[in-house]
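One structure is given here, and the rest of the page talks about it.
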Amino acid sequence: MPPILEYKELKKYFTIGYRGLLKREPITVKAVDGVSFAIHKGEIFGLVGESGSGKSTVAYTTIGMYRPTSGVIEFQGESLFTREGKRPRHIKKEIQIVFQDPGSSLNPRRSVKEILELPLSIHQPAKKHIGRVAELLEMVELPVDYMYKYPQALSGGEKQIVAIARALATEPSFIILDEPTSALDVSIQGKIINLLLRLRQEFHLSYLFITHDLSLMRNVASRVAIMYLGKICEVAEASEFFRNPKHPYTQMLLSSIPVVSEEEEALKPKRVQSRGEIPSPVNIPSGCSFHLRCPYKMDICPRVDPQMVDTGSGHLVRCHLYPAQTENHPAGEQVIT
Amino acid sequence: MVRMDTPPLLEVRDLQVHFKVFGGHLKVLDGVNMIVRAGEKVGLVGESGCGKTTTMKAILRILPQPPAKIVGGQVLFRGQDVLRMRPDELRQIRGRGISMIFQDPTAALNPVFTIGQQLGDVIRYSHRNGRLDARQIQLKALQSLKEVALADPERLLHSYPIQLSGGMRQRVCIAMALATQPELLIADEPGTSLDVTIQDQILRLLHNLVVERNTSIILITHTLGVVREVTDRVYVMYAGSIVESAPTKTLFANPMFPYTRGLMQSVPRLSGGGVAEGIPGRIPNYLHPPSGCRFHPRCPHVMEICRREKPPMFTVGEEHYVACYLYAC
Ligand SMILES: Nc1ncnc2c1ncn2[C@@H]1O[C@H](COP(=O)(O)OP(=O)(O)O)[C@@H](O)[C@H]1O
Ligand SMILES: Nc1ncnc2c1ncn2[C@@H]1O[C@H](COP(=O)(O)OP(=O)(O)O)[C@@H](O)[C@H]1O
Ligand code: SF4
Ligand code: SF4
Ligand SMILES: [Mg+2]
Ligand SMILES: [Mg+2]
């Protein structure tokens with residue numbers, strides 16, 4: 001069975017201006033720069049990274065807001081980007097998204113009923129939808145009379161639950177959750193997360209779960225990928241990941257997390273304290289883009305961008321500390337200056 | 001070192017603040033009580049909208065009045081009531097007594113002046129009695145930028161805020177807040193707008209600086225882990241009052257107020273185990289706040305008396321206080 005969603009060398013660059021004497025030399029942001037991973041059916045795949053690492057760009061490209069600069073995304077083996085440009089409707093309905101900010105993602109002038117009807121009427125224009133709206137509200141455990149409320153009358157958590165109901169409207173099989181609880185208080189987060197976990201069980205959904213919160217990820221994801229400046233530096237099963245983080249950046253992230261118990265403190269790598277600034281994505285450091293902050297930096301690091309290496313049982317790392325084992329792929333093959 | 005033998009540096013007594021809005025008065029602060037001792041690192045936690053920033057602004061007397069109205073209470077700084085000070089007395093307190101770091105470093109810096117000009121103003125203002133010349137001010141400004149571990153401070157003096165990253169701006173704000181050598185530093189969610197690795201650097205820096213100088217600090221954050229790592233004592237706020245206070249270790253080992261317990265359980269653990277459901281309901285409407293214990297509509301243990309009377313603080317252990325009838329005896 002093919003993965004439900006597969007990214008192959010996805011790149012998305014933005015031109016944000018021009019420089020040079022004639023203002024002809026484009027200034028490019030490499031928001032996503034060669035990202036590959038596969039998500040299996042029923043999986044919650046965690047994509048973790050700090051702001052600007054390219055997580056939302058991956059999400060927006062997946063739902064078709066952007067066209068990739070290069071590379072492919074396949075949904076059950078079928079490419080999401082055809083030559084004609086228009087995405088087939090049967091695929092469109094399968095992939096939905098919940099945005100980070102529930103405040104601005106809901107139209108304040110529409111009632112909950114109208115908000116939930118919109119995706120229904122796009123995919124089934126001729127039908128009456130009130131019954132389905134009620135059903136959706138029940139699915140997300142909101143009282144049915146909420147359909148007559150406007151977003152402004154809802155709390156931040158309730159708005160996000162309505163956004164989840166909207167994502168469910170077209171009966172998708174895959175939902176992207178782009179930091180769905182980052183804007184909410186931690187006391188509300190649990191309710192939303194548990195709702196998402198129940199919905200996944202009940203409707204056999206797969207999630208791409210984007211967050212900057214590793215502690216949250218530990219509790220929801222089956223596999224995790226870490227992103228830094230448009231590239232993935234490590235991918236592993238969640239349990240393996242937290243027991244044995246390999247990439248120096250992952251270790252720095254983990255050691256930076258404020259935790260609430262001694263038990264968690266013991267899980268934090270001690271040696272990799274956070275230092276240095278996150279470089280501007282317009283001016284990404286050469287070679288391994290983490291080299292300016294890395295305590296293990298070697299001579300090769302600023303010169304050569306490391307390759308992704310499987311260190312065993314699907315634990316992938318992109319760092320010169322873990323050279324490729326096979327002779328065909330010696331570390332340092334791809335020289336970038 | 002926390003000084004227990006001297007009178008408290010700051011004591012907030014029964015502080016009540018309302019906001020006049022269309023349709024009535026928001027009764028936000030409902031009798032806040034807190035004490036900060038010399039050298040003490042205090043954490044203030046609570047969900048957004050519970051009144052943390054309002055309390056701090058009242059302490060510094062920078063609440064916009066109207067719409068705010070201080071309805072009652074006292075803010076004693078070294079025994080003197082800040083709320084009743086004359087403007088010249090207040091100037092003595094601000095800066096050299098108390099200074100504040102705000103959540104959003106971008107809003108806290110003026111975009112049209114260089115870092116050097118802004119830092120210079122703060123230094124000049126806090127040395128009004130012993131005048132400094134331009135050279136001395138520049139030296140002090142350089143020194144304070146070095147203290148917050150900013151690279152290339154000479155160049156930074158001539159930079160504008162927009163030329164700096166978020167983390168650098170927050171370091172500049174810390175430099176400005178500490179340049180006046182305050183006795184009490186209020187840091188209102190100083191890392192929230194920054195990334196985890198940068199937030200971690202900022203918090204470590206802040207921690208080292210206040211420990212080095214034995215400055216007292218009130219650290220506001222909704223990240224409980226930060227509180228655990230940085231503070232000696234925690235105040236938990238719910239809907240406009242302090243509902244629990246304890247030494248940090250005690251609070252994390254044995255939270256007692258039902259809201260505090262729910263909050264602790266809500267934090268996802270790096271060690272796994274799933275995510276707890278959290279606390280049902282939401283923070284009350286301040287136009288018509290609940291009677292008695294303001295937490296009662298959300299409380300799983302609510303009793304008859306909770307709806308009628310606001311619970312007083314009960315002592316439940318050494319330096320551990322809880323405003324909840326479950327602990328009355
Ligand atoms: N539409 C756009 N135009 C120009 N630059 C963009 C655009 N969207 C994102 N970027 C840039 O791409 C980088 C990655 O952004 P984003 O995907 O939003 O990261 P994340 O979601 O991880 O915070 C950032 O530097 C951002 O400024
Ligand atoms: N300028 C204002 N005008 C009206 N209401 C305000 C104002 N500032 C704060 N409030 C009210 O006070 C409550 C507490 O706000 P705040 O002190 O900022 O909370 P916190 O810092 O804990 O998030 C808010 O819910 C809001 O209702
Ligand atoms: S490749 Fe080099 S600089 Fe990059 S993370 Fe590995 S050791 Fe550090
Ligand atoms: S006083 Fe009553 S309502 Fe308030 S927290 Fe205690 S038990 Fe719950
Ligand atoms: Mg994003
Ligand atoms: Mg605040």
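Side notes on the structure shown:
- Computed about the Cα centre, the dipole magnitude for region B:113-179 is approximately 140 debye when only Lys and Arg (+1) and Asp and Glu (-1) carry charge, each at its Cβ.
- Using distinct alpha-carbon pairs, which all enter the 1/r mean, Kirkwood radius of region A:161-220 in Å: 12.0
- Calculated [222 nm] ellipticity per residue, helices only, for chain A: -8000 deg cm²/dmol; basis is -39500 (n - 2.57) per DSSP H run with n ≥ 4, divided by all residues, nearest 500.
- Solvent-accessible surface of protein heavy atoms, probed at 1.4 angstrom with all chains present, puts A:Ser206, A:Ser280, A:Ser105 in the order A:Ser280, A:Ser105, A:Ser206, largest first.
- GNM flexibility winner over chain A from A:Asp101, A:Asp213, A:Asp185 (Cα, springs under 10 Å): A:Asp185
- Size of chain B as Cα extents on the principal axes (Å, biggest first): 67, 50, 46
- Region A:5-317 - accessible surface per residue (Å², probe 1.4 Å): 43
- Choice from B:Gly72, B:Gly51, B:Gly39 with maximal GNM fluctuation in chain B (Cα, 10 Å cutoff): B:Gly72
- Furthest towards positive pole of dipole, A:Val220, B:Met168, A:Pro306, structure part the protein assembly as shown, Cβ charges: B:Met168
- Probe 1.4 Å - accessible area at A:His90, Å² to nearest ten: 110
- Peptide-level mean, for A:186-199, of C-beta atoms on other protein chains within 10 Å: 6
- Per-residue SASA remark: B:Thr231, around 20 Å² accessible (1.4 Å probe; ligands, DNA and RNA not included).
- With Cα atoms, 0 to 90° folded angle of helix B:134-147 axis to chain B main axis: 50
- Heavy-atom accessible area ranking, 1.4 Å probe, most first, across A:Tyr296, B:Tyr259: A:Tyr296, B:Tyr259
- In order along region A:263-280, the phi-based Karplus estimate (6.51 cos²θ - 1.76 cosθ + 1.60, θ = phi - 60°) of 3J(HN,Hα) comes to 4, 6, 3, 5, 7, 7, x, 7, 7, 9, 7, 5, 8, x, 9, 6, x, 5 Hz; Gly and Pro are listed as x.
- Couplings 3J(HN,Hα) for region B:232-237, derived from phi with the Karplus relation 6.51 cos²θ - 1.76 cosθ + 1.60 (θ = phi - 60°), are 8, 9, 10, 10, 9, 10 Hz, where x marks Gly and Pro.
- Centroid-to-centroid, using Cα positions, region A:260-313 and region A:96-125 are 40 Å apart.
- Structural descriptor for chain A: relative contact order 18 percent, calculated from alpha carbon pairs under 8 angstrom and at least 6 residues apart.
- Largest accessible area first, the listed residues A:Val32, B:Val112, B:Val302 line up as B:Val112, B:Val302, A:Val32 when surface is computed with a 1.4 Å probe on the assembled protein chains.
- For region B:64-129 versus region A:19-94, the spacing of their alpha-carbon centroids is 48 Å.
- Net length gained if the chain between A:Glu171 and A:Ser104 were fully extended (0.36 nm per residue, minus Cα distance): 21.8 nm
- Computed with a 1.4 angstrom probe on protein heavy atoms, the B-A interface buries about 3400 square angstrom of accessible area in total.
- The phi torsions of region B:46-53, fed into the Karplus equation with coefficients 6.51, -1.76 and 1.60 and a -60° offset, translate into couplings of x, 5, 5, x, 7, x, 5, 5 Hz, rounded to whole numbers, with Gly and Pro shown as x.
- Counting only other chain Cβ atoms within 10 Å of each residue's Cβ, the peptide B:259-271 averages 6.
- Reported value for region B:113-179: 71 Å³ per residue, from the convex hull of its C-alpha atoms.
- D_trans [Stokes-Einstein, Kirkwood Rh over alpha-carbon pairs] for region A:5-317, 4 °C, 1.567 mPa s, µm² s⁻¹: 62
- Principal-axis analysis of the Cα atoms of chain B puts helix B:196-213 at an angle of about 80° to the longest axis.
- In this Cβ point-charge picture (+1 for Lys and Arg, -1 for Asp and Glu), region A:5-317 has a dipole of about 1080 debye about its Cα centre.
- Counting only alpha carbon atoms, the long axis of helix A:156-168 and the longest principal axis of chain A meet at about 90°.
- B:His222 - accessible surface, heavy atoms, 1.4 Å probe, Å² rounded to 10: 80
- Stokes-Einstein translational diffusion, region B:1-47 - Kirkwood Rh over all Cα pairs, 0.890 mPa s, 25 °C, in µm²/s: 191
- Within a straight-line Cα-Cα reach of under 23 Å, A:Lys270 can be paired with the following lysines, leaving aside sequence neighbours fewer than 8 residues apart in one chain: A:Lys246, A:Lys297, B:Lys249.
- Translational diffusion of the protein assembly as shown, estimated by Stokes-Einstein from the Kirkwood radius over alpha carbon pairs at 25 °C in a medium of 0.890 mPa s, is 90 µm² per second.
- Separation between Cα centres of region B:302-323 and region A:149-228, rounded to whole Å: 36
- CD proxy at 222 nm, helix term only [per DSSP H run n ≥ 4: -39500 (n - 2.57); per residue of chain B; nearest 500]: -9500 deg cm²/dmol
- Per-atom-type breakdown for region B:113-179 gives carbon and sulfur 54% of the accessible area (1.4 Å probe, protein chains only).
- Principal semi-axes of the equivalent ellipsoid, √(5λ) from the alpha carbon gyration tensor of region B:1-143, are 30, 21, 15 Å from largest down.
- Of the trypsin sites (Lys or Arg not before Pro) found in region B:96-176, those that fall in a DSSP loop while having at most 10 other beta-carbon atoms within 10 Å are B:Arg131.
- Label sites at A:Ser121 and B:Arg308, each approximated as a point 7 angstrom past Cα along Cα to Cβ, lie 5.4 nm apart.
The values are calculated or read from the model by the stated rules, or taken from the named source; none is laboratory data. The structure presented is a predicted model; accordingly, all values stated were derived computationally and were not measured. Methodologically, a virtual Cβ is constructed for each residue, glycine included, from the backbone with ideal geometry; neighbour enumeration extends over all protein chains shown. The area values use the complete protein model at the heavy-atom level, side chains included, leaving out ligands, DNA and RNA. Shrake-Rupley method; radii C 1.70, N 1.55, O 1.52, S 1.80 Å.
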